[in-house]
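The values are calculated or read from the model by the stated rules, or taken from the named source; none is laboratory data. In this text the structure is predicted, and so the values were computed from the model without any measurement. Here the Cβ positions follow ideal geometry from the backbone for every residue, glycine too, while neighbour counts run over all protein chains shown.
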Amino acid sequence: MKIKLTIDDPSVEGEDIIVESSSIRESIYQLRKIIGQDPREMAKAISSKKKESLEVFTHCVYGWDTVEGPNGKKSLTPNWEEQRVILMMKRWLEPHERQQKNLSFRQVADMLNQMGVKGKEGGKWSSKQIRRTLRYTIHDRIHEFDKPDWWK
């Protein structure tokens, strides 16, 4: 498949842009990249904007539940039980006076599995899931919400 893009603007120098690809989707991707609209960068920007406004930005995030927001869009609200688990993870991974060294992601996953704590979709924990869960900076925003009485 060959797509030819003719730019009809005297301020733009150069020849026509020709993109060859096996699919329309790939051709559009290549064209957008050529004109400075890299879809991957645009997706990152959209995701960042959604995170800032606490809109749903991915399938599911441990520590957060999806609710219908005031603007009709799906928003995130803290799941306080899961936030408590995230706090435990962070504490286990940072060194303390009483422990010789901090725990590994694998050790934290093993401890959660032994305690019977399930992941967001009911599965067992792995070191990769612990790392991914803690990577989200959105967890730092729980202070913006009213905490339940039992949260101290």
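Data table
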{"quantity": "For K90: the one exception among (1) touching a residue at least 12 places away in the same chain (Cβ under 8 Å); (2) charged (D, E, K, R); (3) closer than 20 Å to H59 by Cα", "calculated": "(3)"}
{"quantity": "Among the candidates V117, V108, residue that is outside any helix (DSSP H, G or I) and not hydroxyl-bearing (S, T, Y)", "calculated": "V117"}
{"quantity": "Complete set of residues in region 53-97 that are within 28 Å of S127 (Cβ to Cβ) and at pLDDT below 75", "calculated": "L54, V56, F57, T58, H59, P95, H96, E97"}
{"quantity": "R91 in contact with a helix residue (DSSP H, G or I) (Cβ under 7 Å, 6 or more places away or on another chain) and assigned to a helix (DSSP H, G or I)", "calculated": "no"}
{"quantity": "Candidates H139, H143 - the one that is of a type outside the set (V, I, T) and either outside the structural domain of V67 (by TED's automatic domain parsing) or without any contact (Cβ under 8 Å) to a residue 24 or more places away in the chain (or both)", "calculated": "H143"}
{"quantity": "Tally, over region 123-146, of residues that are of a type in the set (S, T, Y) and closer than 14 Å to R84 by Cα", "calculated": "1"}
